[in-house]
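Step one of this worksheet: look at the structure below.
The values are calculated or read from the model by the stated rules, or taken from the named source; none is laboratory data. Keep in mind the model is a prediction, meaning the values are calculated, not measured. With ideal geometry, Cβ positions are generated from the backbone for all residues, glycine too; neighbour counts draw on all protein chains shown. To get the accessible areas, we keep the full protein, side chains included, count just its heavy atoms, and leave off ligands, DNA and RNA. Shrake-Rupley method; radii C 1.70, N 1.55, O 1.52, S 1.80 Å.
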Amino acid sequence: MMKKIIGICIALILLSACSLGSDWDNPMPEDGFIMIAHRGASAYEPENTLPSFELAEKLDADYIELDVHLTKDGELIVMHDDEVDRTTESMGKIKDYTLRELKELDANEEEGEIVAVTGRDKDAYEIPILSEVFDEMADDIHYVIELKDTEQYVGIEKKIIDLMKEYELISENSNGYPRAIIHSFDKEALKEVHRLNPAIPLLQLISFDEDEEAKIPKKELKDMLSYASGVGVSYEAITPSFVNKMHKEGLVVHAYTVDDAEAALRLKAMGVNGIHTNEPDLLDE
């Protein structure tokens, strides 16, 4: 009975959304639904580590999402926070550490407690640099790269673009999906990436207050259309009318962070183009 009710709800959502516009000038396909492994398979392995990314690949994630910062000596390091306090045994800002110093830390701790792991060697959980991720993962893996705290890291946009060029990530796969996307809450950072290389697909991340429905003012939307290919929105705020509006403007919609299968199916029915999830196997049979 519950499955029947869910099916009816999904059908009603589909019927309530207007048909999408026919013009689609966007580097990402209009149709389709992608699973984006949020910081890797972070429900099962320590976030933003190679084991987390490797497990996401095994679980058939379409994209791996990761966060990038700059070390004191200018290396692109993969970690969510701009401080090492939460996920390592040390304290302080990433920008105040050299790469060598960061490599001596373990990225498998959470507030002093070791995160459950799957029997990997301790060295597997060192903090990776972005090029190591690109080197270790298969050539057919796709990435969502998040720019964070860019005011601390002068020139980080160019460094990331140069590395993407080196690994030929500014390109599409056989299904028309870009091999790499950059997203950020930082509008100015996205505009800088667009200025440096307009071929890179960009998503503007937006947060909304609890119980607030997603809406973007006309002036803000017009500005966004000058650089972005889509938006990333907290999933609780998304409505069918919002998705339809974004699609009519030629923007894809990604939802974050979804670890509930029923919510994922509702979003898929609305026409959302992809979800960020800590569980890449969320919709597996």
### Message
As I understand it, the dipole of the chain uses +1 on the Cβ of Lys and Arg and -1 on the Cβ of Asp and Glu, about the Cα centre. Which of 205, 51, 40 lies farthest toward its positive end?
### Response
205
### Summary
Sorting 64, 137, 231 by the position of each Cα along the dipole of the chain (Lys, Arg +1; Asp, Glu -1; all at Cβ), the one nearest the positive end of that ordering is 231
### Message
No solvent, one uniform scatterer per C-alpha: report log10 I(q)/I(0) for the stretch 114-264 via the Debye equation at q = 0.09 1/Å, two decimals.
### Response
-0.35
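Computed FRET efficiency, Cβ-Cβ of residue 185 and residue 139, R0 41 Å: what is it to the nearest 0.05? Can you show the working numbers first?
Numbers: r = 30 Å, r/R0 = 0.73.
Once rounded, the FRET efficiency stands at 0.85.
Can you figure out the FRET efficiency of residue 199 with residue 96, using R₀ = 41 Å and their beta-carbon distance, to the nearest 0.05? Walk me through the numbers before you get to the answer.
Details: r = 34 Å, r/R0 = 0.83.
E(calc), rounded to 0.05, equals 0.75.
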#### Entry: Spin-label model distance (nm) - residue 218 vs residue 236, 7 Å beyond Cα toward Cβ
3.1 nm
### Task
Give me the lysines in straight-line cross-link reach of residue 191: C-alpha distance below 19 Å, same-chain residues under 8 apart excluded.
148, 158, 159, 165, 218, 219, 222
### Summary
Per principal axis, largest first, the Cα atoms of the stretch 125-164 extend in Å by 32, 23, 15
### Message
Angle check, please: helix 156-166 long axis (alpha carbons) against the longest principal axis of the chain (alpha carbons), in degrees 0 to 90, nearest 10.
### Response
90 degrees
### Message
For Rg and Dmax of the Cα atoms in Å, pick the label among (1) 19.1, 62; (2) 28.0, 98; (3) 18.9, 59 that corresponds to the value derived from the coordinates.
### Response
(3)
### Task
Would you mind getting the accessible area per residue of the stretch 156-219, heavy atoms of the protein chains only, 1.4 Å probe, in Å²?
58 Å²
### Query
Rounded to the nearest 5, what is the percent of antiparallel bridges among the DSSP beta bridges in the chain?
25 percent
### Query
Any idea what the dipole of the chain comes to, in debye rounded to 20, about its Cα centre with Lys/Arg Cβ at +1 and Asp/Glu Cβ at -1?
1420 debye
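Which of the peptides 213-222, 28-37, 95-104 is most tightly packed, and how do the rest follow, judged by the mean count of other Cβ atoms within 10 Å per residue? List each step's numbers first, then the result.
Values: 213-222: 13.0, 28-37: 18.6, 95-104: 15.5.
Averaged packing, sorted descending, gives the order 28-37, 95-104, 213-222.
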